[in-house]
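Below: the structure, in structure tokens.
The values are calculated or read from the model by the stated rules, or taken from the named source; none is laboratory data. The model shown is predicted, which means the values in this text are computed figures rather than measured ones. Every residue, glycine among them, receives a Cβ derived from its backbone with ideal geometry; neighbour counts consider all protein chains shown.
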Amino acid sequence: MLAFQLSGSAIPSTLIWDDARAASLDEAGLLLYRSHLLGSDLRITNYGGGNTSAKITQTDPLTGEPVSVLWVKGSGGDLGSMPRAGFAALYLERLLGLERRYRGLAHEDDMVDLLPQCAIGTGGVAPSIDTPLHAYLPFEHVDHVHPDSLIAIAAATMAFGAPLLAGWVAAFDRRKLLTASLVGYAIGHALCAAMPSYAALLPIRAVTMLGAAVFTPQAAAAVGFMASPEHRGRAITFIFLGWSMASVLGLPLSAWLGDTFGWRFAFVAVATIALIAAGWVFAVMPDGVRPAALSMAAWKRAFSSPLLMAIVGVTFLTGAGQFTLFSYFTPYFRDVLHASTVQSSLLLVWFGVFGLIGNLVLTRFIDRAGTHVAGTAMVCLIAVTFVAWPFVGGVIAAAVALVPWAFGCFSGQSAQQARLSAVAPALAPALMALNTSAIYLGQAAGGSSGGWLIAHQGYASLSMVGLVWLVVAIAVSVWATRAAMRPSR
């Protein structure tokens, strides 16, 4: 047996090349087999990212003669879960002939429309926009993967940019600040779409995300400042419905746009939506919303408060617990639950729908229940799923078990923001920024711990380790609730 190596550690048995199994496969089957191996480890490529191909000699259905055919992953497919029918098969000679139709970089995306004309047979999937790369490289087998570099740089910018910028923008009028951050976000994505290479795209992407690092926490802080104390929790959780909707609708939509029309189109679409949002914010946001500027004394007060840091810690711990398992949903569904591609997709949609429902319910009841009780309850709901997860043995059982987690996932983030604003409204701009950092740092910690567990122990311990994170989060949350309710406060 040959094992793929990553960071010095062998990948577990589910990701190890099996010579005996490979010997029983034809050329297309071998391509599918190695595609599943590469796509199964999200440290190597992200969901839906990357591409694999093989140049295979097969019989032409029209002439009966042998012909060279490029098998390449179809548009929108996921390496880790795609079926054999997820590959596009195209005459290699016709693909190579497209070089004569190439009119330069400005018309590169036009070539995508010609790719289906090269298909062999009928009823195949749409070829990926990466097809010419795989055709022109002079190798029989070509694999390329998409590690989450752009995603990682965006998350890092959010995690560290939010608190660093919070003090600098604290005195700005929020109508102008939020509008400007969205305009900058739009301009940045438009520039990203025009970048000629990945190396040029990466720094532009990092700078662009500074707009999000400002907007997300400062929008929540502004709404908390504007709302009356008895309605503050509801106002903040309502704002974070946008986060939920972006997860449920935005992520799959952007992936579809990128696969169907090219990545540049996806960036332009985001830029357009951001500009529309900027105009909307400018039209409805009142002038003169200026939370108190953050002095060094205010920052010191925030960092020196055990209660405030405990609440931020709950956000970190909850994110770490969830992403120990969530980061590896796709390979887990396939390898452990034996779910099909459609079933895996439906489980993710199911999760997103109940996440949105949870946030809607929280928005209605958080002021009545109290932010501390609501925040703790959401973490407990997530923990229910992690307790049940080792006993999940199929797709239907997984769907049922995911409901409490989904219900508490998005709503838990909203509750934490409302909780901080309720405890120290004057420090809300700083606290929202710190909490945003905790969200992304928790996700990174959970994803890393899950990757280590998979590499050394397989999938079995993911939910148990995630549960440990969550139990600690619940304990800290209970302590914070009691501390907030002491008469001395």
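Before we move on, is Gly64 under 30 Å from Phe329 (Cα atoms), not charged (D, E, K, R) and not in a strand (DSSP E or B)?
Details: under 30 Å from Phe329 (Cα atoms): no; not charged (D, E, K, R): yes; not in a strand (DSSP E or B): yes.
Considered against the rule, which asks whether it is under 30 Å from Phe329 (Cα atoms), not charged (D, E, K, R) and not in a strand (DSSP E or B), Gly64 comes out as no.
From the list Ile151, Ile187, Ile129, which one is of a type in the set (Val, Ile, Thr) and at pLDDT 90 or above? Spell out the reasoning first.
On the way: Ile151 fails: at pLDDT 90 or above; Ile129 fails: at pLDDT 90 or above.
None of the other options fit; the residue is Ile187.
When you look at Val373, is it out of contact with any Pro (no Cβ under 6 Å at 6 or more places or on another chain) and under 18 Å from Phe351 (Cβ atoms), yes or no?
Working: out of contact with any Pro (no Cβ under 6 Å at 6 or more places or on another chain): yes; under 18 Å from Phe351 (Cβ atoms): no.
In short, no.
Taking the options Leu30, Leu79, name whichever one is closer than 24 Å to Leu337 by Cα and at pLDDT 85 or above. Talk me through it step by step, then tell me what you get.
Working: Leu79 fails: at pLDDT 85 or above.
On inspection, the qualifying residue turns out to be Leu30.
Is it true that Ala186 is farther than 17 Å from Leu431 by Cβ, touching a residue at least 60 places away in the same chain (Cβ under 8 Å) and either in the same structural domain as Leu275 (by TED's automatic domain parsing) or surrounded by fewer than 18 Cβ atoms within 10 Å (Cβ to Cβ) (or both)?
Yes.
So which of Leu402, Leu431, Leu420, Leu381 is assigned to a helix (DSSP H, G or I) and free of Cβ contacts under 8 Å to residues at least 40 places away in the same chain? Quick ask: steps written out before the conclusion?
Numbers: Leu402 fails: free of Cβ contacts under 8 Å to residues at least 40 places away in the same chain; Leu431 fails: free of Cβ contacts under 8 Å to residues at least 40 places away in the same chain; Leu420 fails: free of Cβ contacts under 8 Å to residues at least 40 places away in the same chain.
From the options Leu402, Leu431, Leu420, Leu381, the qualifying one is Leu381.
Within the set of pairs 6 or more residues apart or between chains, which connect a residue that is assigned by TED's automatic domain parsing to the domain that holds Val312 inside region 214-235 to a residue that is among the basic types (Lys, Arg) and part of a helix (DSSP H, G or I) with Cβ atoms less than 7 Å apart?
As it stands, the answer is Gln218/Arg174; Ala222/Arg174; Gly224/Arg232, since those pairs meet every condition given.
Search region 91-119 for residues being acidic (Asp, Glu) and modelled with pLDDT of 85 or more, and hand back the single one that is nearest to Pro132 (Cα to Cα).
Taking region 91-119 first, the residues acidic (Asp, Glu) are 93, 99, 108-110, 113.
Now narrow it down to the ones that are modelled with pLDDT of 85 or more: 93, 99.
Working: Glu93: 12, Glu99: 9 Å.
Selected residue: Glu99.
Show the residue pairs meeting these rules: Cβ distance below 8 Å; 6+ apart or different chains; first residue within region 115-139 and under 12 Å from Val69 (Cβ atoms) and not assigned by TED's automatic domain parsing to the domain that holds Ala89; second residue surrounded by 16 or more Cβ atoms within 10 Å (Cβ to Cβ) and at pLDDT 85 or above.
Here the result reads none, with nothing in region 115-139 linked to a residue that is surrounded by 16 or more Cβ atoms within 10 Å (Cβ to Cβ) and at pLDDT 85 or above.
Residues checked against (1) modelled with pLDDT under 85; (2) buried (at least 23 other Cβ atoms within 10 Å of the Cβ); (3) farther than 25 Å from Ala166 by Cβ; (4) more than 19 Å from the chain's Cα centre (by Cα):
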| position | (1), (2), (3), (4) |
| --- | --- |
| Val400 | no, no, yes, yes |
| Val403 | no, no, yes, yes |
| Ser411 | no, yes, no, no |
| Pro429 | yes, yes, no, yes |
| Met432 | yes, yes, no, yes |
| Asn435 | no, yes, no, no |
| Ala445 | no, no, no, no |
| Trp452 | yes, no, yes, yes |
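Taking Ser411, is it touching a Pro at 6+ places or on another chain (Cβ under 7 Å), at negative phi and among the polar types (S, T, N, Q)? I'd like the intermediate steps shown before the answer.
Values: touching a Pro at 6+ places or on another chain (Cβ under 7 Å): no; at negative phi: yes; among the polar types (S, T, N, Q): yes.
No, not satisfied.
Would you mind finding the one in Phe160, Phe139 that is surrounded by fewer than 19 Cβ atoms within 10 Å (Cβ to Cβ), of a type in the set (Phe, Trp, Tyr) and within 19 Å of the chain's Cα centre (by Cα)? Can you show your working first?
Numbers: Phe139 fails: within 19 Å of the chain's Cα centre (by Cα).
Step by step, each of Phe160, Phe139 is checked, and only Phe160 is surrounded by fewer than 19 Cβ atoms within 10 Å (Cβ to Cβ), of a type in the set (Phe, Trp, Tyr) and within 19 Å of the chain's Cα centre (by Cα).
I'd like to verify a number: residues in region 98-112 that are free of Cβ contacts under 8 Å to residues at least 60 places away in the same chain and surrounded by 13 or more Cβ atoms within 10 Å (Cβ to Cβ), how many?
Of all residues in region 98-112, those free of Cβ contacts under 8 Å to residues at least 60 places away in the same chain come to 98-104, 106-108, 110-111.
Okay, now just the ones that are also surrounded by 13 or more Cβ atoms within 10 Å (Cβ to Cβ), so 98, 102, 108, 111.
Counting residues in region 98-112 that are free of Cβ contacts under 8 Å to residues at least 60 places away in the same chain and surrounded by 13 or more Cβ atoms within 10 Å (Cβ to Cβ) gives 4.
Considering (1) surrounded by 21 or more Cβ atoms within 10 Å (Cβ to Cβ); (2) outside any helix (DSSP H, G or I), say which one Leu95 fails and leave the rest.
(2)
Select from region 54-76 the residues that are surrounded by fewer than 17 Cβ atoms within 10 Å (Cβ to Cβ) and β-branched (Val, Ile, Thr) and list them in ascending order.
Those that are surrounded by fewer than 17 Cβ atoms within 10 Å (Cβ to Cβ) and β-branched (Val, Ile, Thr): Thr57, Thr59, Thr63.
Taking the condition of being within 35 Å of the chain's Cα centre (by Cα), outside any helix (DSSP H, G or I) and crowded, with 17+ Cβ neighbours inside 10 Å, how many residues in region 77-92 meet it?
So the answer is 10.
Give region 364-393 a look and list any residue that's surrounded by fewer than 22 Cβ atoms within 10 Å (Cβ to Cβ), at pLDDT below 90 and at negative phi, or say none.
Arg364, Phe365, Asp367, Arg368, Ala369, Gly393
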